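Report on the structure given below.
The values are calculated or read from the model by the stated rules, or taken from the named source; none is laboratory data. Here the structure is a predicted model, which is why all the values come from computation and not from measurement. Using ideal geometry, Cβ is built from the backbone for each residue, glycine included, and neighbour counts are taken over all protein chains shown.
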Amino acid sequence: MNIFKPALLGCLLLCTHIVSAQLRAKEGKGYFNITNIAEPQYLQSVDSSELAFGDAYIKTVGFAASTINGVFLNPHLSIGLGVGVQFTRYKAHRNAATPDSTFAAGYFEDGHSMTALPIFADFRYYPNGTRNSLMLILDVGYAPLLNIKNDFDKMYLDGGALLKLGAAYRIPLGETISFLPSLNFNAQRFGENTSIGANIGLGFMF
């Protein structure tokens, strides 16, 4: 049985549906996707937090990426669910609990990597409707830790809540895709460590 023609017809219908959905998204209707391909960020601890052999302090430039699938409630408001990946680093400093003997050569000199998986609810407000380029952003969620260089630090720097407040500006590149730069303020918990910072989002809205 020749399935080429039915497959081609199905593909054309799907493409037509996707294009139609994106045109409705431009008018504040239907579903959309936002993919942030790069989110360089700066994070800094509000205060150091305790580790088994010292104190942890985050003060670093990191990198993240994310994707959000959402739906317009009306031309002024959308909600979505986002997931991403986040790479950052921390340093350990000696404290009263640090052993007198040399501990893990380089442990107190080097930066240590962490990888987290942010999962968040995305709320966007469009002051003048979705045909206007400006949108205000509120993201609220949790970022479990996927990996940490020193496993013995994980119980002190595990996952935690996250909050992002920002604004984005939509630059149409065509009927179905827009470039979406954003500037955001971040607050995030890594176990008992609270960090604040900012990030720049470079993404696309489909």
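Contact map, the stretch 99-123: residues that are within 14 Å of Phe53 (Cβ to Cβ) and of a type in the set (Ser, Thr, Tyr) paired with residues that are part of a strand (DSSP E or B) and at pLDDT below 90, Cβ distance under 8 Å, separation 6+ or inter-chain. Pairs shown: Tyr107/Ala92.
Just to verify a result, which residue in the stretch 144-156, among those that are of a type in the set (D, E, K, R) and outside any loop (DSSP other than H, G, I, E, B), is modelled with the highest pLDDT? Working first, answer last.
Of all residues in the stretch 144-156, those of a type in the set (D, E, K, R) come to 149, 151, 153-154.
If we keep only those that are outside any loop (DSSP other than H, G, I, E, B) as well, we get 151, 153.
Details: Asp151: 86, Asp153: 90.
Per the criteria, the residue is Asp153.
Yes or no: Ile119 over 17 Å from the mean Cα position of the chain (by Cα), among the hydrophobic types (A, V, I, L, M, F, W, C) and under 19 Å from Thr67 (Cα atoms)? Steps first, answer last, please.
Working: over 17 Å from the mean Cα position of the chain (by Cα): no; among the hydrophobic types (A, V, I, L, M, F, W, C): yes; under 19 Å from Thr67 (Cα atoms): yes.
Judged against the criteria, Ile119 is not a match.
Applying the set (1) surrounded by 14 or more Cβ atoms within 10 Å (Cβ to Cβ); (2) in contact with a strand residue (DSSP E or B) (Cβ under 8 Å, 6 or more places away or on another chain); (3) in a loop (DSSP other than H, G, I, E, B) to Pro127 leaves exactly one unmet item: (1).
Quick one: how many residues across the stretch 157-186 are of a type in the set (Ser, Thr, Tyr), buried (at least 20 other Cβ atoms within 10 Å of the Cβ) and modelled with pLDDT under 95? If you could, list the steps in order and put the result at the bottom.
Of the residues in the stretch 157-186, the ones of a type in the set (Ser, Thr, Tyr) are 169, 176, 178, 182.
Narrowing the set further to residues that are buried (at least 20 other Cβ atoms within 10 Å of the Cβ) leaves 178, 182.
The next check asks that each one be modelled with pLDDT under 95; those that pass are 178.
Total satisfying the criteria: 1.
Going through the stretch 46-78 one residue at a time, which ones are crowded, with 20+ Cβ neighbours inside 10 Å and either under 30 Å from Asn128 (Cβ atoms) or charged (D, E, K, R) (or both)? Residues satisfying the conditions are Asp55, Ala64, Ser66, Ile68, Gly70, Phe72, Ser78.
Restricting Phe185, Phe190, Phe206 to those that are touching a helix residue (DSSP H, G or I) at 6+ places or on another chain (Cβ under 7 Å) and either free of Cβ contacts under 8 Å to residues at least 12 places away in the same chain or not small (Gly, Ala, Ser) (or both) reduces the list to Phe206. Residue count for the stretch 120-135, restricted to those that are aliphatic (A, V, I, L, M) and either within 15 Å of Asn74 (Cα to Cα) or touching a Ser or Thr at 6+ places or on another chain (Cβ under 9 Å) (or both): 1. Being in contact with a Leu (Cβ under 9 Å, 6 or more places away or on another chain), under 19 Å from Tyr57 (Cβ atoms) and charged (D, E, K, R) holds for only one residue in Asp122, Asp110, Asp153, and it is Asp153. Scanning the stretch 99-117 turns up at least one residue that is at pLDDT 90 or above, part of a strand (DSSP E or B) and in contact with a Gly (Cβ under 8 Å, 6 or more places away or on another chain).
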